[in-house]
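The values are calculated or read from the model by the stated rules, or taken from the named source; none is laboratory data. Note that the coordinates shown come from a computational prediction; the quantities given were computed from them, not determined experimentally. No Cβ is skipped: glycine too gets one built from the backbone with ideal geometry, and neighbour counts run over all protein chains shown. The accessibility values were calculated without ligands, DNA or RNA, using every heavy atom of the protein model including side chains. Shrake-Rupley method; radii C 1.70, N 1.55, O 1.52, S 1.80 Å.
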Amino acid sequence: MADGIAAFSAEQWDACAGDDNPFVSHAFLSALEDSGSAIAHTGWQAVPIAIDGADGAPAAILPAYAKSHSQGEYVFDHGWADAWERAGRSYYPKLQIAVPFSPVPGPRLLLRDPALALALIAAAEAVVQQNDLSSAHATFVEGAQLPLFEAAGWLIRADRQFHWFNNDYNDFNGFLEALSSRKRKAIRKERAAAREGLEFLHLTGADIQESHWDAFWHFYQDTGARKWGRPYLKRSFFTLLGQRMGEKVVLMLALRDGTPIAGALNLLGSDTLYGRYWGSSEEVPFLHFELCYYQAIDVAIERGLLRVEAGAQGEHKLARGYLPTPTFSAHYIPDPGFRRAVADYLEQERRMIAENIEALEEEAPYRKDASREELALHPERDRFPAG
C-alpha cells in the first residue's frame with residue numbers, strides 16, 4: 001500500500017492504467033491530490049495498492065482511498081453506515097476503490113499483467129482485514145471487470161445513468177432523423193432558443209488560458225455550492241488539469257458579447273466523451289441542454305466517438321436521446337451478518353433498477369421503426385450480467 005499517487009511515476013502508473021479512460025490516468029488522479037482536492041484532510045486519503053511484476057515495476061494497481069465519510073462517491077451507502085454504527089461498530093474509515101468525485105464507469109483494476117487481477121482483489125481484502133475496516137467498495141466498475149469481482153465473491157450493486165450512442169451519424173441532423181418527429185422538432189426549438197444571441201467556444205490543449213479556467217471556476221463554484229454545499233475541487237485542480245492533460249480536455253464556453261456566461265467541462269477517452277461539470281452566471285432557457293448534451297453529441301460525431309456519458313442521474317436526458325444504461329459497483333463486507341443484510345437489499349435493488357431501465361427504454365425518443373439493435377441495444381452499451 002503506497003503513500004499517495006505521488007509514490008508512482010506517471011510512466012509506472014499509466015503502464016497499468018492504459019490510455020482509454022482519462023479518469024484513472026496519473027495526470028488526473030495526481031491533479032486531485034496535488035491540488036488538495038482529494039487528500040486526507042478532505043476525507044480522501046490516497047492509499048493505492050500495487051503488486052510488482054518480475055521486472056520490479058508495478059504490474060497491477062488499485063486506485064484506493066481510505067475514506068472517513070461517504071461524500072463525493074455517487075453510490076450512496078449512508079444507510080449501511082447508519083446500520084453499522086447502530087450496531088456499535090465504526091463504519092469509517094472504509095476502503096474506497098474509485099476515482100474521487102467522478103461517477104464515471106471505468107477500470108478499477110489497473111493491470112499491466114491481467115493475470116494479477118484476482119490477486120489484486122485479494123490484496124484489497126487483506127487491507128480490510130488487517131486494518132479491521134468495515135468494508136471495501138469499488139464504485140463505477142466497468143462491465144468488463146465486473147466478473148472478476150463477482151468471482152471473488154464481492155456483492156454487486158446496480159444503478160443507471162443515461163448515455164448517448166453514436167450509430168455512425170454523419171452530423172447532428174443525422175442523429176435527429178433517428179428520432180420521432182415530435183422529439184426532433186422539440187430539440188430543434190430548444191437549440192434555437194439556447195443559442196440566440198450567444199456564441200460558443202470549444203477549447204482544448206494550449207488554447208485553454210487561465211482566464212478561461214477563472215471563468216469556469218466561477219461557474220463551477222455556483223453549481224457546487226447549490227449541489228453539495230461547497231465545491232469538492234480546488235481552483236488549482238483546473239490549472240493542473242490543463243497543464244497535465246489539456247489535450248484530453250474539451251472546455252465548452254457560451255459567451256454573450258464576448259463574455260463567458262456558462263461553461264461545460266468534458267474529458268476525452270479513446271472512444272467516449274465524458275461530461276463532468278457545468279455552471280452558468282445567467283439563466284438562459286435550455287442552455288444547460290445545449291452545452292452539456294447537444295454540443296457533446298456534436299463533438300462525439302465530429303471526432304467519431306462511440307458514446308457520450310453525461311454524468312449521474314437525470315431522466316430529462318432521455319428526451320434528448322440519451323438511453324438508460326446500467327452502472328455497477330462491487331462491495332466487500334467481511335462480517336457475515338452485515339453481508340447477508342446488504343446482499344438481500346442489493347438483490348431487490350438490482351431487480352428494481354432492471355425494471356426501471358426496461359420501462360424507460362419504452363419511452364426512448366427514437367422512431368418506433370428504428371432498429372432496437374442499433375438504438376436501445378447498442379453493442380457498446382453495458383447491461384446486466386446474464387442471470
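Odds and ends about this structure:
- Tabulated pairs, the range 172-190, first touching a residue at least 40 places away in the same chain (Cβ under 8 Å) and over 16 Å from His316 (Cα atoms), second among the acidic types (Asp, Glu) and open to solvent by less than 60 Å² (accessible area, probe 1.4 Å), C-beta under 7 angstrom, 6+ apart or interchain: Phe172/Asp298
- Conditions (1) under 30 Å from Trp84 (Cβ atoms); (2) part of a helix (DSSP H, G or I); (3) touching a helix residue (DSSP H, G or I) at 6+ places or on another chain (Cβ under 6 Å); number of the one not met by Phe289: (1)
- Conditions (1) touching a residue at least 24 places away in the same chain (Cβ under 8 Å); (2) hydrophobic (A, V, I, L, M, F, W, C); (3) farther than 20 Å from Arg307 by Cβ: number failed by Trp217: (1)
- Leading residue by the ranking (nearest to Leu287 (Cα to Cα)) among those in the range 161-171 that are open to solvent by 50 Å² or more (accessible area, probe 1.4 Å) and touching a residue at least 40 places away in the same chain (Cβ under 8 Å): Asp171
- Annotation: of all residues in the range 14-26 being of a type in the set (A, V, I, L, M) and open to solvent by less than 20 Å² (accessible area, probe 1.4 Å), the one that is farthest from Phe101 (Cα to Cα) is Ala17.
- Considering (1) open to solvent by 40 Å² or more (accessible area, probe 1.4 Å); (2) more than 24 Å from Glu150 (Cα to Cα); (3) under 21 Å from the mean Cα position of the chain (by Cα), the lone condition that Tyr74 does not fulfil carries the number (2).
Results for (1) surrounded by fewer than 11 Cβ atoms within 10 Å (Cβ to Cβ); (2) at pLDDT 95 or above; (3) among the small types (Gly, Ala, Ser), shown as yes or no for each residue.
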| residue | (1), (2), (3) |
| --- | --- |
| Thr327 | no, yes, no |
| Ala330 | no, yes, yes |
| Ile333 | no, yes, no |
| Phe338 | no, yes, no |
| Asp344 | yes, yes, no |
| Glu347 | no, yes, no |
| Glu358 | no, no, no |
| Glu361 | no, no, no |
| Ala364 | no, no, yes |
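- Residue within the range 113-130 that is within 22 Å of Ala312 (Cβ to Cβ) and touching a residue at least 12 places away in the same chain (Cβ under 8 Å) present: no
- For the range 252-279, a residue qualifies if it is of a type outside the set (D, E, K, R), more than 22 Å from Leu318 (Cβ to Cβ), part of a strand (DSSP E or B) and open to solvent by 20 Å² or more (accessible area, probe 1.4 Å), and the qualifying residues are Thr259, Pro260.
- Scanning the range 175-195 for residues that are more than 18 Å from Lys368 (Cβ to Cβ) and open to solvent by 30 Å² or more (accessible area, probe 1.4 Å) yields a count of 6.
- Condition check for Ala31: in a strand (DSSP E or B), of a type in the set (A, V, I, L, M) and open to solvent by less than 40 Å² (accessible area, probe 1.4 Å): no
- Leu233 fulfils the conditions (1) assigned to a strand (DSSP E or B); (2) crowded, with 20+ Cβ neighbours inside 10 Å except for a single criterion, (1).
- Condition broken by Ala64, with the remaining ones in (1) more than 23 Å from Asp335 (Cβ to Cβ); (2) open to solvent by less than 10 Å² (accessible area, probe 1.4 Å) satisfied: (1)
- Identity of the residue in the range 196-209, outside any helix (DSSP H, G or I) and of a type in the set (A, V, I, L, M, F, W, C), that ends up most open to solvent (accessible area, probe 1.4 Å): Leu201
- Counting only strands (runs of 3 or more DSSP E) that sit completely within the range 79-178, those holding 2 or more residues that are at pLDDT 95 or above and under 17 Å from Ala66 (Cβ atoms) correspond to 94-97, 136-138.
- Taking the range 280-294 as the range and being open to solvent by less than 40 Å² (accessible area, probe 1.4 Å) and within 18 Å of Arg320 (Cα to Cα) as the test, the residues that pass are Val284, Leu287, Phe289, Glu290, Leu291, Cys292, Tyr293, Tyr294.
- Within the range 45-59, not a single residue is more than 24 Å from Leu133 (Cβ to Cβ), touching a residue at least 12 places away in the same chain (Cβ under 8 Å), in a helix (DSSP H, G or I) and open to solvent by less than 50 Å² (accessible area, probe 1.4 Å).
- Test for Ile297: is it closer than 18 Å to Tyr169 by Cα and open to solvent by less than 10 Å² (accessible area, probe 1.4 Å): yes
- Qualifying position, being modelled with pLDDT of 95 or more, under 19 Å from the mean Cα position of the chain (by Cα) and under 24 Å from Ala158 (Cα atoms), among Val308, Val299: Val308
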